[in-house]
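Colleague: Before I ask anything, let me first share the structure, which is written out below as structure tokens.
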Amino acid sequence: MNEISFRRVGLQREQETKFGTQMLSDGVRFRLWAPFSEAVSLKIYDLEMTVPMTAAARGWYEVEVEEARPGMRYRFVLENGQEVPDPASRFQPEDVDGPSEIIDPRNYAWQDGGWRGQPWEETIIYEIHIGTFTPEGTFRAAIDKLDTLLELGVTAIEIMPIADFAGRWNWGYDGAHLFSPDHTYGSPEDLKALVDAAHGKGLSVFLDVVYNHFGPKGNYLGVYAPLMNAEHQTPWGPAVNFDAEGSAVIRDFVFANARYWLNEYRFDGLRFDAVHEIRDFGPRHLLQDLAEQIRASTDGRYIHLVAENADNQAGWLKRRDDGAPWLYEAQWSDDIHHSLHTALTGETFWYYADFDGRTDLVGRSLAEGLGWQGERMEHEGREKGEPSAFLPPTAFVSYAQNHDQIGNRPFGERISHLVDEARVRLWAAIYLLSPQIPMLFMGEEWGAKQPFQFFSDVGDDLADAIRRGREEEMASFPRREGQGVPPDPMAKETFLSCKLDWADRVEGEHARFLSIYRRLIALRKKEIIPRLYGMSGYNGRFELLTDKAVRVCWLMGDGSELSLIANLSDEPIEGVDVRGSDHLWLEGSASGDTLGGWSAVFHLKKPD
């Protein structure tokens, strides 16, 4: 049982939570977990009042204020006089350090009552960063682009993290207030309007969430509660406390946040950032409890859970007898990306070093989802991964680029900036027609000229430290011809240079890119997606035809066999049945039984 019994009067399911505020029939209830504080008061600025909160068991404080109304701003006052925002604030209109605003989640009039979501097999993801997706960089402005995404053919958008961060621009992985959409993007109602509009057009909406760390500025929870556990370290410092004293409520805080996005904002799924950096050595890992709680708390809609897991832990993706996931639908497959990136660009530095000359990893990752399944990676200096052949291909998300693979480069180059049009098209054909779940990064479909660079506006007090960290991280990254000093990650110009120019879509090579992406996606919908249903594990196999060419075959759910032959070299290969009766798609060139360099052919042999 919770420490304090709630009055059920006036509460709707979408706003039931033991954190933050709850709207009552006669006012507002405020709650805070502050076990390190001997006393807590509530300060409501609009009412010019400060009232003591009632202490309850296990570090909880609560008070009900009849005069409180939506739109009013408040903070909690600790015993030493420090004023802190609500860690479960629904909105921070004056940024992370400012007062929290009372939001009534019942005020938005949803129009998507018939929306039930979409099966995972139908998913074609389009990843966006709200701040650079449109010139305005807002939730409302993104609504105006939904029709163009429908024309492209994608079925879902995935929004990079929006939890309120310090400053005016950020990738989103420095979130300080997990429950508050960043104020620079718009209000909570604006975000709901975006989700609502997407549903009205038949698009699912996923949200990227970060539970492995908090941003360096603006989160005060650690001042009065055991938020961090210094016994475990991450790349960002001490780990979030998921397994030491006081961790039960920290875990509940994360569980509540995940339920909040899915129920109060009606997102269709969550992508969990870098779950390998979630340090939990307790009896039940956070990832297990998190997925189980989410699946038990939603209303029967299709809800999809996707992990980013650099440790290639395939066990989190296990399927039930009926093919449904026990916990998580899928994980991003960096192995598919890294192996193809190395083959197509020739880059063998950084984390691409372990993929140098490994065409077998291209084949294995396409056939089985993961390339590294327990072998030692010399560059990383460790054994990595678990066997994954038992999983269906839909347990993996495949892509030619995403925010990391572009933005982790010093100059934020897209793949279309690194290789010629033919190789970009080759990669697009491979990942859009293979049976994994495909994901595009915003602007990819027209070969956008704009980079996607790392940018932050966390404040002058931390600016130099962030610059130094970025310089150290990129110090060993080789420069391409003509490149000078990487852009300043703290400069406004760096952020603005990443905003998409939608006018480019209809011109020259951009229009050609857009045409090919539309055709590939249409073909996927017609021939691939219907055959994903019923696919089981152990359905993929591969063979090397040369040291730079690979054949991959998959047994589809209807008994069809989908096959790919990819020539990842300049030299043509002979003996390839290019134009057989089961021909599906040729990308590149072919003559007779010879497949040209940097070309691929798909065949679909249907059951008799």
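Colleague: For Ser100, all conditions in the list (1) touching a Pro at 6+ places or on another chain (Cβ under 6 Å); (2) surrounded by fewer than 24 Cβ atoms within 10 Å (Cβ to Cβ) hold save one; what is the number of the exception?
Modeller: Failed condition: (2).
The rows are residues; the columns are (1) of a type outside the set (Asp, Glu); (2) in contact with an Asp or Glu (Cβ under 7 Å, 6 or more places away or on another chain); (3) free of Cβ contacts under 8 Å to residues at least 24 places away in the same chain.
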site	(1), (2), (3)
Pro489	yes, no, no
Lys492	yes, no, no
Lys499	yes, no, no
Arg519	yes, no, yes
Arg524	yes, no, no
Glu527	no, no, no
Leu555	yes, yes, yes
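Colleague: Do we find that Trp326 is in contact with a Lys or Arg (Cβ under 7 Å, 6 or more places away or on another chain) and free of Cβ contacts under 8 Å to residues at least 60 places away in the same chain in this structure?
Modeller: Against the criterion (in contact with a Lys or Arg (Cβ under 7 Å, 6 or more places away or on another chain) and free of Cβ contacts under 8 Å to residues at least 60 places away in the same chain), Trp326 qualifies.
Colleague: Further question on the same structure: Take Ser388 and decide whether it is buried (at least 22 other Cβ atoms within 10 Å of the Cβ), at pLDDT 95 or above, in a loop (DSSP other than H, G, I, E, B) and among the polar types (S, T, N, Q).
Modeller: Spelling it out, Ser388 is indeed buried (at least 22 other Cβ atoms within 10 Å of the Cβ), at pLDDT 95 or above, in a loop (DSSP other than H, G, I, E, B) and among the polar types (S, T, N, Q).
Colleague: Considering only residues that are assigned to a loop (DSSP other than H, G, I, E, B) and among the aliphatic types (A, V, I, L, M), look in region 306-351 and name the one that is surrounded by the fewest Cβ atoms within 10 Å (Cβ to Cβ).
Modeller: Ala324
Conditions (1) in contact (Cβ under 8 Å) with a residue 60 or more places away in the chain; (2) at negative phi, marked per residue:
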{"site": "His337", "(1), (2)": "yes, yes"}
{"site": "Tyr351", "(1), (2)": "no, yes"}
{"site": "Gly357", "(1), (2)": "yes, no"}
{"site": "Leu366", "(1), (2)": "yes, yes"}
{"site": "Gly374", "(1), (2)": "no, no"}
{"site": "His379", "(1), (2)": "no, yes"}
{"site": "Glu383", "(1), (2)": "no, yes"}
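Colleague: For region 244-297, what are the residues that are within 19 Å of the chain's Cα centre (by Cα), of a type in the set (A, V, I, L, M) and outside any loop (DSSP other than H, G, I, E, B)?
Modeller: Matches in region 244-297: Val254, Ala256, Ala258, Leu262, Leu270, Val275, Leu286, Leu287, Leu290, Ala291, Ile294.
Colleague: Is it fair to say Tyr108 is assigned to a loop (DSSP other than H, G, I, E, B) and among the aromatic types (Phe, Trp, Tyr)?
Modeller: Considered against the rule, which asks whether it is assigned to a loop (DSSP other than H, G, I, E, B) and among the aromatic types (Phe, Trp, Tyr), Tyr108 comes out as yes.
Colleague: Moving on. Residues in region 338-367 that are touching a strand residue (DSSP E or B) at 6+ places or on another chain (Cβ under 6 Å) and within 18 Å of Gln401 (Cα to Cα): how many?
Modeller: 2
Colleague: Which of (1) of a type in the set (A, V, I, L, M); (2) modelled with pLDDT under 95; (3) closer than 17 Å to Gln436 by Cβ is the odd one out, the single condition Leu370 does not satisfy?
Modeller: Failing condition for Leu370: (2).
Colleague: Might you let me know whether region 117-134 holds any residue that is free of Cβ contacts under 8 Å to residues at least 60 places away in the same chain, out of contact with any Asp or Glu (no Cβ under 9 Å at 6 or more places or on another chain) and farther than 30 Å from Arg531 by Cβ?
Modeller: no
Colleague: Test each condition in (1) surrounded by fewer than 20 Cβ atoms within 10 Å (Cβ to Cβ); (2) under 20 Å from the mean Cα position of the chain (by Cα); (3) among the hydroxyl-bearing types (Ser, Thr, Tyr) for Ser187 and report the one that comes out false.
Modeller: (2) is the only condition that Ser187 fails.
Colleague: Of all residues in region 188-209, which are touching a helix residue (DSSP H, G or I) at 6+ places or on another chain (Cβ under 8 Å), touching a residue at least 60 places away in the same chain (Cβ under 8 Å) and part of a helix (DSSP H, G or I)?
Modeller: Within region 188-209, Leu191, Ala193 meet the criteria.
Colleague: Do you know which of the residues in region 42-65 that are in contact (Cβ under 8 Å) with a residue 12 or more places away in the chain and not in a strand (DSSP E or B) is nearest to Asp26 (Cα to Cα)?
Modeller: Selected residue: Leu47.
Colleague: Counting just the residues of region 352-371 that are small (Gly, Ala, Ser) and in a helix (DSSP H, G or I), which one comes out surrounded by the most Cβ atoms within 10 Å (Cβ to Cβ)?
Modeller: Going through the qualifying residues, I end up with Ser365.
Colleague: In region 499-526, what residues are part of a helix (DSSP H, G or I) and either outside the structural domain of Glu136 (by TED's automatic domain parsing) or of a type in the set (A, V, I, L, M) (or both)?
Modeller: Within region 499-526, Ala503, Val506, Ala511, Leu514, Ile516, Leu520, Ile521, Ala522, Leu523 meet the criteria.
The rows are residues; the columns are (1) surrounded by 19 or more Cβ atoms within 10 Å (Cβ to Cβ); (2) closer than 19 Å to Ser89 by Cα; (3) in contact with a Phe, Trp or Tyr (Cβ under 9 Å, 6 or more places away or on another chain); (4) modelled with pLDDT of 95 or more.
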residue	(1), (2), (3), (4)
Arg7	no, no, no, no
Glu16	no, yes, yes, no
Leu24	no, yes, no, yes
Phe30	yes, yes, yes, yes
Pro35	no, yes, yes, yes
Ser41	no, yes, yes, yes
Glu48	no, no, no, yes
Ala55	no, no, yes, yes
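The values are calculated or read from the model by the stated rules, or taken from the named source; none is laboratory data. Treat the numbers as computed from the prediction; the structure is a model and nothing was measured. Heads up, the Cβs are rebuilt from the backbone with ideal geometry, glycines too, and the neighbour counts pull from every protein chain shown.
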